[in-house]
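What follows is one structure encoded as structure tokens, with my remarks underneath.
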Amino acid sequence: MKDARRAAKAAGLDLADRIDLEEALVLRAAEKYDAALSRLRPRLRGADAAETAFLWWAVGGCYRFQGRLQDAVTAFRKSMSYASKAGDKVGRGYALFGLAGAVRVKGDAAASDRYYREAGRLFEGTGDDFGRAYAACGGANALRQLGQLDEAERGYRRAYAIYAKLGDPVDLAYVDWGWGEVHLKRGELVAALKRFALAEKAFRSGHETRGVVLCLHSRARCLHALGKTAQAERLFAQGVALARRARIHTHLESFT
């Protein structure tokens with residue numbers, strides 16, 4: 001919700017429109033993507049360039065978490081185009097974040113890295129600490145997928161420092177989870193489990209289903225490597241069941 005509100009404000013939406021959008025954004029944050037889309041897409045008719053950029057960004061996020069990855073890429077590219085027409089540098093940055101995340105889940109970590117770097121440059125000097133932190137964490141995720149673990153860890157450290165100052169526990173949890181994945185890839189299993197436990201606690205407190213699923217499956221892989229296979233199987237099954245109840249597809253992602 002926080003990134004959605006920032007993007008709406010950056011798009012120049014007036015107070016009435018932002019209030020009207022609130023219900024759609026709440027539905028989106030609650031993982032009720034069909035309901036959110038039914039409210040977001042009609043607003044595209046007659047919207048100016050800045051609002052259209054924001055709406056395509058919000059629609060793209062729904063598509064991504066529905067597993068409609070190519071539709072998400074198309075939506076984020078439209079968001080970028082309209083943000084550029086509006087002269088909205090911050091809006092273009094948020095569209096790049098969405099695009100970078102979607103192509104990473106599709107397996108193109110190199111393109112994801114490029115998009116995160118471009119977005120990071122757009123947020124330099126803007127005073128938008130959230131944007132800087134998001135670029136650092138997202139870029140670290142791409143670098144982790146590329147096997148550049150030391151550079152990824154440096155990115156997570158940068159993101160952690162900024163999110164900690166912002167008091168943003170859910171986004172901080174995504175940093176902990178990604179950092180834990182770096183430990184896991186290095187075979188540092190105890191350190192990985194500690195990071196995953198911290199992340200899962202924050203995700204559960206923030207009702208972030210996707211994050212909980214990620215942590216359950218990461219913990220399962222760690223525990224299996226430690227020979228605790230029965231416990232690992234239980235956690236893995238819990239993650240699949242949770243994702244299916246929420247109608248998300250996090251349990252199928254290989255390139256998160």
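The values are calculated or read from the model by the stated rules, or taken from the named source; none is laboratory data. Please read these numbers as outputs of a predicted model, since none were measured by experiment. Glycine also receives a Cβ, built like all others from the backbone with ideal geometry; neighbour counts cover every protein chain displayed.
Identify the single condition in (1) closer than 26 Å to ILE248 by Cα; (2) crowded, with 21+ Cβ neighbours inside 10 Å that LEU146 does not satisfy, given that it satisfies every other one.
(2)
For the range 78-105, what are the residues that are at pLDDT 95 or above and surrounded by fewer than 18 Cβ atoms within 10 Å (Cβ to Cβ)?
SER81, SER84, LYS85, GLY87
Out of curiosity, is ARG219 free of Cβ contacts under 8 Å to residues at least 60 places away in the same chain, surrounded by 21 or more Cβ atoms within 10 Å (Cβ to Cβ), in the same structural domain as ARG247 (by TED's automatic domain parsing) and in contact with a His (Cβ under 8 Å, 6 or more places away or on another chain)?
Details: free of Cβ contacts under 8 Å to residues at least 60 places away in the same chain: yes; surrounded by 21 or more Cβ atoms within 10 Å (Cβ to Cβ): yes; in the same structural domain as ARG247 (by TED's automatic domain parsing): yes; in contact with a His (Cβ under 8 Å, 6 or more places away or on another chain): no.
So ARG219 fails the test.
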